[in-house]
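The values are calculated or read from the model by the stated rules, or taken from the named source; none is laboratory data. These figures come from a predicted structure and were not determined experimentally. Cβ placement follows ideal geometry from the backbone for every residue including glycine, while neighbour counts extend to all protein chains displayed. Heads up: the accessible areas ignore ligands, DNA and RNA and are worked out on the full protein's heavy atoms, side chains in. Shrake-Rupley method; radii C 1.70, N 1.55, O 1.52, S 1.80 Å.
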Amino acid sequence: MKKILITGGAGYIGSHTAVVLAEAGLQPIILDDLSNSSEQVLDRLEEIIGEKPVFYKGDCNDRAIYEQIAQDHEISGVIHFAAYKAVGESTQFPLKYYRNNIGSLLVLLDFMQEKGIKDIVFSSSCTVYGQPEILPVTEETPRQEAESPYGNSKKICEDILVDFIKSKPGMRAIALRYFNPVGAHASAKIGELPNGTPNNLVPYITQTAAGIREKLTVFGDDYDTADGSCVRDFIHVMDLADAHMKALEYLSKQDLDFYDVFNVGTGKGDTVLGVIKTFEKVNELELNYQVGKRRPGDIEKIFADTKKINEVLHWQPSHSLEDSMRDSWNWQKSLS
Ligand code: NAD
Ligand code: WQD
């Protein structure tokens, strides 16, 4: 059984990816410092996949933990999710973000090269595009100056991968640029666990519906969009997880010293107000919300051109926005 190291595998996207890998007959090996997740996720994974994943509690910046893992397991490939991701916090503590997000990639690449582990899938983000002039965004759309240290850390990590692969290390890498991940596993046993007040739209919606937050504020309805609210490309986390599986399969068939980048989205833009309406409709409830001011730094509209990932990785999303809103709500309800 092929063993895949998942850094940040106890987190939101990593835990769902562990399920997809296990169901495809691969063995997920999780490395996580639990800085933004809980050990309980491992019990939940056991309930879903029938076996507790091998877990190492440790910091991805610590070379010693990788040595331990390599002693215990023959690793075939790595998916590197571990990173800090709070955009606002990154402007307050840029060094914390640069140290963790960039430092961990450097330590990991060194380790992989030394041990002859060839394949890495890296978590990048549509944040690297900023506000694109032309929509939908393709992988060729120029990246823009980052709005935050978090966004910049993703750009820098992509650049590091490009330069590293150019040096012919005998490895292969794919960066996946995620659009807006939403939803949860259909069992409602795993999902997104935001720390404190959520910054992202969907956890804010579900926490408002659950009565944890009094009301949701829609950040602006005077944008140049169908209903005036911002447009995003909301991708179900299980579809996103599946894209990692496809990326690993594809990497293993490429020549060495290969690098490529793929958008992972649905290809469809939905407005914030449209998401709220869908949430209300599929879950048959009314959400307490008001329209407020624009949020500084927000992108007006962005959604992915998914032609490349559709054709090259043979990946297609299979969940609708309705599925995402139902699964997000079921997950939220399971928490109370
Ligand atoms: P998450 O916070 O739920 O998961 C990240 C996991 O990494 C957490 O479990 C955390 O404890 C762990 N971690 C962080 N630093 C670590 C370290 N040094 N050593 C070991 N473990 C560490 O976040 P997520 O939403 O699952 O995001 C996963 C990846 O996807 C991140 O790289 C993030 O930047 C990227 N991404 C996320 C989104 C999004 O909206 N969720 C969008 C685009 C890209
Ligand atoms: C979506 C839309 C808000 C909350 C962030 C990161 C980005 C990437 C994805 C990691 C926006 C609106 C939100 C609320 C609202 N992450 N909103 N009321 O801004 O697309 O991107 O997550 O790489 O880097 O910046 O996602 O969920 O914060 O917002 O009206 O209470 O919902 O204004 O239009 P965003 P988001």
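Here are a few things to note about the model shown:
- Simple rule: put +1 on each Lys or Arg Cβ and -1 on each Asp or Glu Cβ in the chain, find the dipole, and look at Leu26, Met245, Thr7; the Cα lying farthest toward the positive end is Thr7.
- Taking a ≥ b ≥ c as the square roots of the eigenvalues of the Cα gyration tensor, the range 36-113 is oblate, since a/c reaches 1.5 or more and a/b is not larger than b/c.
- A Cβ-based charge dipole, computed about the Cα centre of the chain with Lys and Arg at +1 and Asp and Glu at -1, lands at about 220 debye.
- Placing R0 at 56 angstrom, the Cβ-Cβ distance between Val107 and Glu284 gives a FRET efficiency of 0.70 after rounding to 0.05.
- Whole-percent carbon and sulfur share, accessible surface of the range 33-141, 1.4 Å: 47 percent
- Nearest-20 debye value, the range 113-256 charge dipole, Cβ charges on Lys, Arg, Asp, Glu: 700 debye
- Gap separating the Cα centres of the range 24-75 and the range 148-171, nearest whole Å: 24 Å
- Rounded tilt (10° steps) of 149-166 against the dominant C-alpha axis of the chain: 30 degrees
- Carbon-plus-sulfur accessible fraction, the range 257-336 (probe radius 1.4 Å, protein heavy atoms only): 48%.
- Average accessible surface area per residue within the chain, 1.4 Å rolling probe, Å²: 44 Å²
- Label sites at Gln40 and Ile156, each approximated as a point 7 angstrom past Cα along Cα to Cβ, lie 3.5 nm apart.
- Label-to-label distance, nm, for residues given as Arg99 and Glu51 (7 Å Cα→Cβ offset): 3.7 nm
- Per-selection metrics, the chain (Cα): Rg and Dmax in Å: 19.2, 57
- When the Gaussian network model of the chain links Cα atoms closer than 10 Å, the mean-square fluctuations of Thr225, Thr138, Thr278 top out at Thr225.
- Expected 222 nm ellipticity per residue - DSSP helices of 4 or more, -39500 (n - 2.57), all of the chain, to 500: -11500 deg cm²/dmol
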